[in-house]
Amino acid sequence: MKKHIELPKEVKEYCIGFFLGDGYLFKIKNGNNCSLKISHGLKQENYLMWKHELLKNLSRAIRYTRIDDKRRNKIYHIKGFETRTHKFFTRYWKLLYHKGKKKLPERILKQMTPITLAAWIMDDGCLSENNKNRKTTNWNYTLATHCFSLIEIQLLQQYLENIFGLESKVHRDRERHRLWFNTTNSIKLAQIIKPFVPNCMEYKVKPIIERYIVRGE
């Protein structure tokens, strides 16, 4: 009989962010519970190692995969790992997936914490420097929400404002949508997630914190 492993509250909160981001929950045929699959390109190997350590009580070995994309004539080098099955993963698999497609139910949004938001930003967030007029430079976050419907993204907007006081705009990205935060709200977002971002991912908070908080520009 397998020994049940109880996940700490902090790990669960990170995991919910991974579920919304790059993580993939799956159940093998005839299995009772689900596993979590996490993969990253080689440039984010340190981030992968951090996740592997965070989930060390469930993590299986890290594996390397080479993907030949003949359609785009590109080669991708990926490292990733799967976890052992756990009832916590199964609970969220039932909430997040419908006919194989990831959804964003309100029940998940109600559980958002600063740690969950940090994990999601580390996975799918982008901090970019905007220098339109070549005189002033602004830093802005965008959150890739391409796999969700417009209605789900608008609901996410409401919860980010209600829970964290973060205002955002929906930007169209081809046939999909993503969230964009102006500089004021990007500063606020960085301050919220900074305590929960490991050193290997500090590039997603350090530039904006140093400019607007440390130097006070």
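Every number in this text was worked out from the coordinates using simple rules, so none of it is lab data. Only a predicted model underlies this, so the values are computations on that prediction, with no experimental measurement involved. We place every Cβ from the backbone using ideal geometry, glycine too, and count neighbours over all the protein chains shown.
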When the convex hull of its Cα atoms is projected in every direction, mean area for region 9-102 (nm²): 7.0 nm²
Distance in nm between pseudo-label sites at His171 and Ile151 (7 Å out along the Cβ direction from Cα): 2.6 nm
Degrees between helix 150-164 axis and first principal axis of the chain (Cα, 0 to 90, nearest 10): 70 degrees
Extent along principal axes [Cα atoms of region 116-214; Å; largest to smallest]: 37, 33, 24
Difference of contour (0.36 nm per residue) and Cα-Cα distance, Asn33 to His98: 21.8 nm
Length gained when the stretch His4-Thr184 is fully extended (0.36 nm per residue, less Cα-Cα span): 60.4 nm
Point-to-point label distance, Lys43-Asn138, nm (Cα→Cβ direction, 7 Å offset): 2.5 nm
Helix-derived mean residue ellipticity, 222 nm - over the chain, DSSP H n ≥ 4, -39500 (n - 2.57), to 500: -10500 deg cm²/dmol
Near-label residues of region 114-129 by backbone N, under 19 Å of a point 7 Å along Cα→Cβ of Lys74: 123-127
Kirkwood-type radius of the chain, with distances r between different C-alpha atoms, in Å: 18.6 Å
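Expected output is a single nm value to one decimal: the length gained when fully extending between Lys56 and Lys206, i.e. 0.36 nm times separation in residues minus the C-alpha distance. What is it?
Details: separation 150, 0.36 × 150 = 54.00 nm, distance 2.72 nm.
Full-extension gain reported as 51.3 nm.
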Residues whose placed amide H lies under 5 Å from that of Trp139, excluding near-sequence neighbours: Asn130
